[in-house]
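The values are calculated or read from the model by the stated rules, or taken from the named source; none is laboratory data. Fair warning: this is a prediction, and the values are worked out from it, not measured in the lab. Positions of Cβ are backbone-derived with ideal geometry, glycine not excepted, and every protein chain shown enters the neighbour counts. Protein only, heavy atoms only, side chains kept; ligands, DNA and RNA dropped before computing areas. Shrake-Rupley method; radii C 1.70, N 1.55, O 1.52, S 1.80 Å.
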Protein chains: 2
Amino acid sequence: MFNFKVHANDKKSKARLGKITTYHGIIDTPSFVAVGTQGTVKGLAPQDLKETGVQILFGNTYHLHLRPGEDLVKEFGGLGKFMSWYGPTITDSGGFQVFSLGRGKTLIRTRNNAEDFSLVQHVVPQGSAPLVKIAEEGVVFRSHIDGSLHTFTPEKSIEIQKKLGADIVLAFDECAPHPSSFGYTKQAMERTHRWALRSLGVSQGKQYYPWKQALYGIVQGGVYKDLRKESARFISSLPFNGIAIGGVSVGESKKEMRNVLDWVMPLLPDNKPIHLLGIGEIDDIFDAIEKGVDTFDCVIPTRFGRYGIVFVHPPQGNLKNRFRIDINKTKFSKDKGPLSKDCVCYTCKTFTRAYIHHLFRAGELLAYRLASYHNMFFINNLVKKIRGAILEEGFEEIKEKWMK
Amino acid sequence: MFNFKVHANDKKSKARLGKITTYHGIIDTPSFVAVGTQGTVKGLAPQDLKETGVQILFGNTYHLHLRPGEDLVKEFGGLGKFMSWYGPTITDSGGFQVFSLGRGKTLIRTRNNAEDFSLVQHVVPQGSAPLVKIAEEGVVFRSHIDGSLHTFTPEKSIEIQKKLGADIVLAFDECAPHPSSFGYTKQAMERTHRWALRSLGVSQGKQYYPWKQALYGIVQGGVYKDLRKESARFISSLPFNGIAIGGVSVGESKKEMRNVLDWVMPLLPDNKPIHLLGIGEIDDIFDAIEKGVDTFDCVIPTRFGRYGIVFVHPPQGNLKNRFRIDINKTKFSKDKGPLSKDCVCYTCKTFTRAYIHHLFRAGELLAYRLASYHNMFFINNLVKKIRGAILEEGFEEIKEKWMK
């Protein structure tokens with residue numbers, strides 16, 4: 001079971017309300033997708049995810065393949081059941097990690113919302129490149145855990161994802177680094193298109209679970225308008241269940257991300273859900289939804305949470321401070337208010353800024369959890385409000401309220 | 001408001017059922033006291049503490065004085081309110097940390113249930129002793145955080161504890177290291193007795209809170225029978241609200257701990273609550289309760305939890321394996337059972353050993369929380385069962401069931 005229905009369109013923008021129905025539940029769109037890289041959303045238990053309004057979880061095939069391995073996950077009933085998350089799940093193809101981790105820090109340091117930073121520091125060995133080879137057949141890379149050699153091909157990626165058992169799986173793609181030349185980006189995009197066909201080809205084989213695993217194709221093409229349009233047209237022409245837009249979180253400026261959406265979105269089919277990979281800052285969320293994106297994933301709520309960077313509502317939060325404060329700062333050491341005045345999450349209803357500041361200063365585990373919980377609630381709550389606005393007063397009104 | 005009533009005595013042992021009534025609630029005794037060193041029980045939120053059956057929290061004056069400071073805690077309504085724990089609290093005098101941290105690793109490494117190990121490694125600077133001076137007046141020491149000089153006297157310790165606002169506070173004492181000579185131990189004990197008088201003297205001064213802060217005296221005397229008896233008699237003769245037994249978690253063998261209890265307990269008054277400092281292994285708990293101890297605190301549930309050492313019920317858990325398994329071990333990587341088969345805690349009802357093993361292998365924050373939660377529930381649940389047994393079938397029966 002997998003289907004997508006648009007229930008309402010915003011009057012002035014491309015923002016739309018929809019429902020993705022999966023075997024494991026319904027996702028009201030637009031929806032944030034929480035990232036649970038290694039089979040856990042860092043610092044949060046499944047009950048926290050429910051409480052903070054998470055509708056769907058994103059697992060990383062690269063990490064889960066290396067540890068604990070897809071066969072073990074299958075033995076435990078799939079990713080969701082393994083981690084005791086009973087809602088919908090999505091897995092990526094593994095490609096993003098292979099390329100981004102393989103190419104070293106610079107690629108994934110350029111934006112805050114890329115993959116886990118602590119991991120990255122640990123991953124890139126001195127002077128050696130874990131990414132061994134990119135070829136037509138697939139990619140050879142070294143494990144960041146033990147240096148062992150591994151190969152991902154479209155066939156292998158889909159097979160792993162089938163065993164992981166997510167409701168939505170992604171075609172295997174090459175995410176070219178930023179900056180890349182037009183020539184290399186074109187080459188990578190064309191390979192991605194051939195890999196998309198191979199991913200489609202194998203996706204109908206042996207099924208391990210009673211539920212439908214929807215397959216999304218991925219639009220690439222870097223920062224080049226012609227390539228992006230070509231990719232959008234090509235991927236749209238194939239019988240995917242949904243479409244993901246890749247390569248916008250690996251170094252492009254926010255302006256370039258908006259350009260990509262402007263080029264790509266008009267070419268994508270109206271009746272398929274559109275996922276934007278790796279996006280989750282507040283202004284990005286508004287822009288993506290405005291341009292018609294249905295779902296988007298990002299590690300920001302938990303990564304920022306672990307650093308003590310927490311979201312605050314307007315008017316304290318605004319475009320200039322990117323809706324966030326650093327709770328580590330001394331000025332919060334005696335602050336009796338909650339992290340964000342208008343927040344009704346467990347953290348904000350229960351603890352003061354001063355206490356959470358103290359926990360961060362003391363390096364206490366509870367700090368990471370409370371801040372991550374708040375951030376996760378904040379983002380899901382914002383997107384929920386946006387859904388309400390699309391139905392009621394209009395998207396533009398809520399965007400203006402936040403972005404002024 | 002502070003009182004203690006014994007409601008039932010075990011038929012064959014000295015085990016007893018009682019209630020300590022404080023302004024912030026009632027503690028059914030015997031009771032485990034959860035340790036929240038820096039204003040948080042590591043990895044657990046207040047709601048977890050309630051769910052795992054915690055009745056009372058132990059805060060460390062040394063840590064809280066250095067960070068965030070007792071004045072800030074006072075401004076926030078006391079330790080409990082500062083950390084959003086609305087049940088009873090107890091603080092120590094700060095002496096144990098000053099002496100144990102000051103004297104370096106060897107002292108506090110000898111038992112698993114001493115103060116936070118990760119902290120200790122960070123605390124002891126190469127070649128320098130943070131403990132500067134012990135004199136009749138008090139103790140001069142350096143902060144493990146920034147090396148700044150601080151002084152604790154009985155007056156200062158009580159003043160800090162008054163500001164922290166716990167329901168139970170401890171007299172300032174010197175906990176002699178193990179091993180110590182008879183001569184040094186006697187000298188430290190006699191100083192502790194004089195400090196006990198000074199602690200009593202100042203305890204009736206200015207009060208910062210509307211509630212009674214009960215003061216406990218501390219019995220010291222190391223491993224020497226004569227000294228322990230002398231200390232028990234002396235401390236018992238003073239108008240303390242309760243009595244704590246110190247110095248049994250700093251290096252003595254389990255046999256020596258039992259000796260101390262055998263010497264001391266018969267000399268302590270029947271009508272005051274008796275607290276045993278720093279004890280919490282399963283067999284220690286049985287022995288302490290059997291000899292009449294009412295409360296005892298220990299960091300074991302959360303420290304072990306952070307290491308992946310988790311408690312298991314009999315028959316899998318037994319005296320030989322000390323009722324615990326190391327979930328990091330490869331043999332648990334495919335184990336579909338809960339951490340402990342007979343446990344009904346959230347962790348055990350929700351997650352498999354294989355999943356928790358995976359979280360530990362991957363270094364995920366959730367690992368520490370789930371294991372700590374389980375251990376905390378396990379210990380509180382065991383002590384609850386012991387309370388039931390004292391009332392019903394008898395203490396001996398439950399002890400035999402576990403200790404055979």
Options B:ALA389, B:ALA371, B:ALA354; residue that is away from chain A (no Cβ under 11 Å), closer than 30 Å to A:SER143 by Cα and either in contact (Cβ under 8 Å) with a residue 12 or more places away in the chain or in contact with a Phe, Trp or Tyr (Cβ under 9 Å, 6 or more places away or on another chain) (or both)
B:ALA371
Verdict on A:PHE117 being closer than 30 Å to B:THR350 by Cα and at pLDDT below 95:
yes
Within the bounds of the range A:281-290, is there any residue that is in a loop (DSSP other than H, G, I, E, B), touching a Cys at 6+ places or on another chain (Cβ under 9 Å) and within 30 Å of A:SER13 (Cβ to Cβ)?
yes
In this structure, does B:LYS156 turn out to be modelled with pLDDT of 95 or more and either open to solvent by less than 40 Å² (accessible area, probe 1.4 Å) or in a loop (DSSP other than H, G, I, E, B) (or both)?
no
Total residues in the range B:310-335, condition under 22 Å from B:LYS404 (Cα atoms) and β-branched (Val, Ile, Thr):
3
Of the residues A:SER253, A:SER203, A:SER199, A:SER249, only one is at pLDDT 95 or above and of a type outside the set (A, V, I, L, M); which?
A:SER199
Would you mention how many residues in the range B:272-298 are of a type outside the set (Gly, Ala, Ser) and under 18 Å from B:LEU170 (Cα atoms)?
13
Quick one: is A:SER143 surrounded by 22 or more Cβ atoms within 10 Å (Cβ to Cβ), of a type in the set (Ser, Thr, Tyr) and under 26 Å from A:GLY78 (Cα atoms)?
no
Go through the range B:217-243 and report how many residues are in contact with a helix residue (DSSP H, G or I) (Cβ under 9 Å, 6 or more places away or on another chain) and closer than 21 Å to B:GLU155 by Cα.
12
Residues (touching a residue at least 12 places away in the same chain (Cβ under 8 Å) and at negative phi) located in the range A:392-403
A:PHE395, A:GLU396, A:ILE398, A:LYS399, A:LYS401, A:TRP402, A:MET403
Look through B:ARG306, B:ARG322, B:ARG258 and report the one residue that is on the phi > 0 side of the Ramachandran plot and in contact with a helix residue (DSSP H, G or I) (Cβ under 8 Å, 6 or more places away or on another chain).
B:ARG322
It is to be established whether one or more residues within the range B:53-68 are within 14 Å of chain A (Cβ to nearest Cβ) and under 24 Å from B:LYS385 (Cβ atoms).
yes
